[in-house]
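See structure below.
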Amino acid sequence: MQPMLLTSADEWPRGNEWIYEVKYDGYRAILHWENDLPTIISRNQRDITFLFPEIIDFCKRTYPLLAPFLPLTMDGEMVFLENNFRSNFSIVQSRGKTKSKQKVEEASKKFPCQFIAFDLLKIQGTDLVTLPLIERKKHLSQLFKETPLPNKIKFFQRGQIQCIESYEDGDSLWKMIKTHNGEGMIAKRKTSLYTAGKRIDDWLKIKNWRMVTVIVHTFNKENDYFTGAVYKDNQLTEVTAFKHGLTDEQFQTLAAFFRTKGEKLSSSVWMLPPSICADIACIDFDGKKLREPRFHSFRFDLSPEECYWKNFQKQLHPMPEEVPVTHPEKPIWPKLNLLKEDYLLYLEYIAPYMLPFLQNRALTTIRYPHGVPGEHFYQKNVPDYAPNYVQTKQIEGIHYIVCNNLSTLFWLGNQLALEFHIPFQTIDTAHPTEIVFDLDPPSQKEFPLAIEAALKMKAIFDQLQLQSFVKTSGNKGLQVYIPLPKNQFTYDETRIFTEFICQFLVNQVSHKFTLERLKKNRGNKLYLDYVQHAEGKTIIAPYSPRGNEWGSIATPLYWEEVKEGLNPNHFTLPTIIERIKTIGDPFNHFFEAGENQPLKAVLKELKNLLKK
DNA sequence: GGAGAAT
DNA sequence: ATTCTCCAACGCTAG
DNA sequence: CTAGCG
């Protein structure tokens, strides 16, 4: 089956005969599911099923519940979600190119993708393609309602099949897409039938073009392409090749300029020293090249020196309109030469990995309005000048900020909230969402003690079949997490567990670990702080910076990284983004891991044990 | 960083 | 006009 | 007992 194609448009049609959806950037794919295993076929009929084992696994798990609806066929997009309105194409592309079984398996764990379903072509063996879109959508949402498939896009649920959301109001959806820096929007006529392999005006795509400025660098007469470059570390770096968008006259003039003034690099290529700047429209940057570049206009008002990496990044990641940025050039981490705009760019990149942990939690921030070092203060209450996209929750008289959206994160960034502290529970429950052990050595010198304690804990948790996670605290210690199923355990119960584990470790290695609360009585031992895991207490959020001069980040680690030689100083703001790009996010399975932890049995044993 | 109060 | 002050809370200690 | 400190 060929997927139905989209027609490009500059504007979206309005009126109630249309619905609107996010355009996700990934691989267009048709998912056929007849027996226990589905097959996923790309647009050019390539079977990509085995490139995405996380989808296969998910289908295997849910097969018993889905069986009554098979055979079914869904049209959708294989994506890596960064938020509900944007996906990351480069990751899907790289997944699509990974072939060896072992690498595929590894990639599926580190960069789990999602299949976003937006159309249902067959259910229980019955063809739906001759029904109008709106009817097919009803069947689709019915399917997701009656099964455990999540019926809303949730970017922080990895490796699943999700159902796209349809919107009646294109204008407000477009706003959200702009805010989240998405690829674009799709408009579909409610009455449209599914016309396989055809491009008709019932399905329209409207792209969210972003404009970037480059230095026109080379011209190749063989294919009429120009290249554009920007300065990165003082080196001219090519970031695009373009030819579309120039008028004939512009093309002739520019080409002639290269031929007469340029330096000839080969039989067909000329190069110009940096002089001419141009605006290029694109839909993204894949790490090496702009995607869908299109010449827009010359920028004779700019000098080439202004086309450098950071400006390029800023143009690719514009701040949402509703978040005004003040003093972008204020130095925040002077030792690292990091400005406020660098911090905001960090937040932009880290948001997909950090926001899931801030979701529905009463937030405490530490603000450094003049950078670090510098005067700072804790803030719990929302200031009354906060914009209305900042959600709040009143708890015991305090109006906490709840950072549930990207704009709020940026706004907090602009407020120079550098440290994000969160409780162990969400605002909708009295039960802890996870257990955290704080391994706090007396000083940096004793960090190996934290490594040792963490590994001992990990061994215990493995034995108990409890999945655990580990991160640096961003100061001098480590923190070990056990995510819990929702609403299952009380703080009293988790206390029994945390106290037992800590006591056990101290009994085992009493010359290295201690439960002593008073600092002066701890000596050089590692303090196992189980008191810190309690209602009303908070802990630094994953990927939050710490307000120190070195720009430390509370960094999630893979357990394999926790071994002799692990250096907590390595995890600083400038290194984290590259780290996630290459090895992924060690916490990406955190929330799904929580749901089936066998802590109940462990607690029962412990309670019996303690009675005697 | 931003508001309101104090100087 | 400019400067100052506030923005958590909990355990501890000195007075 | 409380203001101040971290």
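For the criterion of being more than 21 Å from A:Y24 (Cβ to Cβ) and of a type in the set (S, T, N, Q), A:T179 fails. Any residue at all in region A:416-432 that is assigned to a helix (DSSP H, G or I) and surrounded by 17 or more Cβ atoms within 10 Å (Cβ to Cβ)? The answer is no, given that none of the residues of region A:416-432 is assigned to a helix (DSSP H, G or I) and surrounded by 17 or more Cβ atoms within 10 Å (Cβ to Cβ).
When region A:128-152 is filtered for residues that are buried (at least 20 other Cβ atoms within 10 Å of the Cβ) and more than 17 Å from A:W33 (Cβ to Cβ), the ones remaining, listed by number, are A:L133, A:K137. In region A:197-218, the count of residues that are out of contact with any strand residue (DSSP E or B) (no Cβ under 8 Å at 6 or more places or on another chain), surrounded by fewer than 20 Cβ atoms within 10 Å (Cβ to Cβ) and either farther than 30 Å from A:W411 by Cβ or not assigned by TED's automatic domain parsing to the domain that holds A:K264 (or both) is zero. If the condition is being within 16 Å of DNA strand B (Cβ to nearest atom) and in contact (Cβ under 8 Å) with a residue 40 or more places away in the chain, then region A:393-419 contributes A:S407, A:L409, A:F410, A:W411, A:L412, A:G413, A:N414, A:Q415, A:L416, A:A417, A:L418, A:E419.
Being in contact (Cβ under 8 Å) with a residue 12 or more places away in the chain and not hydrophobic (A, V, I, L, M, F, W, C) is the requirement here; does A:Q2 meet it? Criteria met by A:Q2.
Considering only residues in region A:373-408 that are of a type in the set (D, E, K, R) and surrounded by fewer than 17 Cβ atoms within 10 Å (Cβ to Cβ), the one that is nearest to DNA strand C (Cβ to nearest atom) turns out to be A:K380. Looking for something touching a residue at least 60 places away in the same chain (Cβ under 8 Å), in a helix (DSSP H, G or I) and surrounded by 20 or more Cβ atoms within 10 Å (Cβ to Cβ) - is there at least one such residue anywhere in region A:454-470? Checking region A:454-470: at least one residue is touching a residue at least 60 places away in the same chain (Cβ under 8 Å), in a helix (DSSP H, G or I) and surrounded by 20 or more Cβ atoms within 10 Å (Cβ to Cβ).
Taken together, the criteria place A:Y353 among residues that are of a type outside the set (S, T, N, Q), under 20 Å from A:Y543 (Cα atoms) and touching a Pro at 6+ places or on another chain (Cβ under 8 Å).
Of the residues in region A:77-96, at least one is assigned to a helix (DSSP H, G or I), touching a helix residue (DSSP H, G or I) at 6+ places or on another chain (Cβ under 8 Å) and surrounded by 20 or more Cβ atoms within 10 Å (Cβ to Cβ). Remark: A:N381 matches the filter, which requires a residue to be touching a strand residue (DSSP E or B) at 6+ places or on another chain (Cβ under 6 Å) and either free of Cβ contacts under 8 Å to residues at least 60 places away in the same chain or within 16 Å of DNA strand B (Cβ to nearest atom) (or both). Residues in region A:184-240 that are in contact with a Cys (Cβ under 9 Å, 6 or more places away or on another chain) and aliphatic (A, V, I, L, M): A:M211, A:V212, A:V214, A:I215, A:V216, A:A229, A:V230. Do we find that A:L347 is within 15 Å of DNA strand B (Cβ to nearest atom), hydrophobic (A, V, I, L, M, F, W, C) and assigned to a helix (DSSP H, G or I) in this structure? Considered against the rule, which asks whether it is within 15 Å of DNA strand B (Cβ to nearest atom), hydrophobic (A, V, I, L, M, F, W, C) and assigned to a helix (DSSP H, G or I), A:L347 comes out as yes. In region A:349-371 there is no residue matching the filter, namely being under 19 Å from the mean Cα position of the chain (by Cα), more than 25 Å from A:E592 (Cα to Cα), of a type in the set (F, W, Y) and within 15 Å of DNA strand C (Cβ to nearest atom). Among the residues of region A:314-344, those identified as of a type outside the set (D, E), more than 23 Å from the chain's Cα centre (by Cα) and not in a strand (DSSP E or B) are A:T326, A:H327, A:P328, A:K330, A:P334, A:K335, A:L336, A:N337. Comparison of A:I56, A:I19 shows that the only residue that is in contact with a strand residue (DSSP E or B) (Cβ under 8 Å, 6 or more places away or on another chain) and closer than 18 Å to A:R158 by Cα is A:I56.
Residues checked against (1) among the hydrophobic types (A, V, I, L, M, F, W, C); (2) over 17 Å from A:Q114 (Cβ atoms); (3) part of a loop (DSSP other than H, G, I, E, B):
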{"site": "A:E11", "(1), (2), (3)": "no, yes, yes"}
{"site": "A:L31", "(1), (2), (3)": "yes, no, no"}
{"site": "A:N35", "(1), (2), (3)": "no, yes, yes"}
{"site": "A:K60", "(1), (2), (3)": "no, no, no"}
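Which of (1) more than 20 Å from A:I540 (Cα to Cα); (2) in contact with a strand residue (DSSP E or B) (Cβ under 6 Å, 6 or more places away or on another chain); (3) surrounded by fewer than 22 Cβ atoms within 10 Å (Cβ to Cβ) does A:L449 not meet, given it meets every other one? Of everything listed in (1) more than 20 Å from A:I540 (Cα to Cα); (2) in contact with a strand residue (DSSP E or B) (Cβ under 6 Å, 6 or more places away or on another chain); (3) surrounded by fewer than 22 Cβ atoms within 10 Å (Cβ to Cβ), A:L449 misses just condition (3).
Residue by residue, here is whether (1) under 16 Å from A:K537 (Cβ atoms); (2) loosely packed, with under 14 Cβ neighbours inside 10 Å; (3) without any contact (Cβ under 8 Å) to a residue 40 or more places away in the chain; (4) not assigned by TED's automatic domain parsing to the domain that holds A:A601 holds:
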site: A:Q479; (1), (2), (3), (4): yes, no, no, no
site: A:P485; (1), (2), (3), (4): no, no, no, no
site: A:F500; (1), (2), (3), (4): no, no, no, no
site: A:Q503; (1), (2), (3), (4): no, no, yes, no
site: A:V506; (1), (2), (3), (4): no, no, yes, no
site: A:V509; (1), (2), (3), (4): no, no, no, no
site: A:T514; (1), (2), (3), (4): no, no, yes, no
site: A:R517; (1), (2), (3), (4): yes, yes, yes, no
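When each of A:L65, A:L70 is tested for being at pLDDT below 90, more than 25 Å from A:R291 (Cα to Cα) and loosely packed, with under 13 Cβ neighbours inside 10 Å, the lone residue that passes is A:L65.
Residues checked against (1) within 30 Å of A:I153 (Cα to Cα); (2) within 12 Å of DNA strand B (Cβ to nearest atom):
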site	(1), (2)
A:K289	yes, no
A:P304	no, no
A:C307	no, no
A:E322	yes, no
A:P331	no, yes
A:K340	no, yes
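The condition of being more than 16 Å from DNA strand B (Cβ to nearest atom) and at pLDDT below 95 holds for only one of A:L449, A:L355, that being A:L449.
Scan region A:79-96 and give yes if some residue there is under 19 Å from A:P148 (Cβ atoms) and hydrophobic (A, V, I, L, M, F, W, C), otherwise no. Yes, some residue in region A:79-96 is under 19 Å from A:P148 (Cβ atoms) and hydrophobic (A, V, I, L, M, F, W, C).
The values are calculated or read from the model by the stated rules, or taken from the named source; none is laboratory data. In this text, all values refer to a predicted model and were calculated from it rather than measured experimentally. Neighbour counts are summed over all protein chains in view; Cβ atoms, including those assigned to glycine, are modelled from backbone coordinates with ideal geometry.
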